[in-house]
Amino acid sequence: AQKITQTQPGMFVQEKEAVTLDCTYDTSDQSYGLFWYKQPSSGEMIFLIYQGSYDEQNATEGRYSLNFQKARKSANLVISASQLGDSAMYFCAMRGGNQFYFGTGTSLTVIP
Amino acid sequence: NAGVTQTPKFRILKIGQSMTLQCTQDMNHNYMYWYRQDPGMGLKLIYYSVGAGITDKGEVPNGYNVSRSTTEDFPLRLELAAPSQTSVYFCASRHRHEQYFGPGTRLTVT
């Protein structure tokens with residue numbers, strides 16, 4: 001069975017500091033994709049970053065990077081130089097075949 | 001280019017009523033998805049489609065039906081609404097690995 005686990009319900013970070021949001025996954029598929037999405041209080045879902053299971057290098061998109069450790073089945077999101085606008089819910093997700101599976105999310109609060 | 005649009009934005013249903021949530025995308029994407037998001041939870045996949053005429057069940061399909069007669073439209077039908085279907089519903093389309101989400105429909109069943 002496919003499963004995504006996010007064990008941090010809430011996180012706080014000081015503005016301009018880096019923060020790591022944890023995500024572990026479970027799958028028996030060889031080919032899969034890992035994603036992070038941001039959901040601000042306004043409710044929309046915003047795609048942040050993608051990592052393919054065969055990608056050897058960690059994905060980066062601006063201030064976002066995905067720390068992919070395949071053997072440990074983890075796909076942590078690192079946000080560098082946090083900004084007040086980063087305060088939101090963050091969801092880790094996995095694509096297996098044509099289906100997507102989401103974690104329960106981590107609420108990030110950036111403190112000025 | 002409107003992206004993914006959903007109607008209505010809000011709806012209140014009585015138990016046992018039926019309704020259709022509309023979803024339209026103008027990006028010519030083959031893949032489309034319906035999710036529900038319960039309070040404090042992540043998204044759960046209800047149904048998905050890989051192209052016009054092809055649909056398949058996701059994780060939580062019970063109580064819902066879909067159709068995909070065109071590439072653009074992917075309506076979600078609720079028959080005999082139940083309080084457990086109170087949720088926010090998101091439609092999405094996908095191109096390669098990126099999903100594009102609609103703004104969501106907030107549904108309350110009382």
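The values are calculated or read from the model by the stated rules, or taken from the named source; none is laboratory data. What you see is a predicted model; the values in this text were computed from it and never measured. Every residue, glycine among them, receives a Cβ derived from its backbone with ideal geometry; neighbour counts consider all protein chains shown.
Scan segment B:33-42 for residues that are part of a loop (DSSP other than H, G, I, E, B) and closer than 19 Å to B:Arg96 by Cα and report the count. Step through it out loud before you land on a result.
First pass over segment B:33-42, keeping only residues part of a loop (DSSP other than H, G, I, E, B): B:38-42.
In the following step, the residues that additionally are closer than 19 Å to B:Arg96 by Cα were identified as none.
The total comes to 0.
Working carefully through the options A:Thr109, A:Thr104, find the one that is among the polar types (S, T, N, Q) and either modelled with pLDDT under 95 or part of a loop (DSSP other than H, G, I, E, B) (or both).
Working: A:Thr109 fails: either modelled with pLDDT under 95 or part of a loop (DSSP other than H, G, I, E, B) (or both).
Result of the check over A:Thr109, A:Thr104: A:Thr104.
Given the criteria within 11 Å of another protein chain (Cβ to nearest Cβ) and either of a type outside the set (Phe, Trp, Tyr) or crowded, with 21+ Cβ neighbours inside 10 Å (or both), does B:Tyr47 qualify?
Numbers: within 11 Å of another protein chain (Cβ to nearest Cβ): yes; either of a type outside the set (Phe, Trp, Tyr) or crowded, with 21+ Cβ neighbours inside 10 Å (or both): yes.
Taking the combined requirement at face value, the residue satisfies it.
With the requirement that a residue be touching a residue at least 60 places away in the same chain (Cβ under 8 Å) and either assigned to a loop (DSSP other than H, G, I, E, B) or over 12 Å from the mean Cα position of the chain (by Cα) (or both), what does segment B:43-81 give you? Even if it seems obvious, please write down each step before you answer.
Let us first name the residues in segment B:43-81 that are touching a residue at least 60 places away in the same chain (Cβ under 8 Å), namely B:78-81.
Within segment B:43-81, B:Glu79, B:Leu80, B:Ala81 meet the criteria.
Taking only segment A:37-72 into account, find how many residues are within 14 Å of another protein chain (Cβ to nearest Cβ), assigned to a loop (DSSP other than H, G, I, E, B) and not hydroxyl-bearing (Ser, Thr, Tyr).
6
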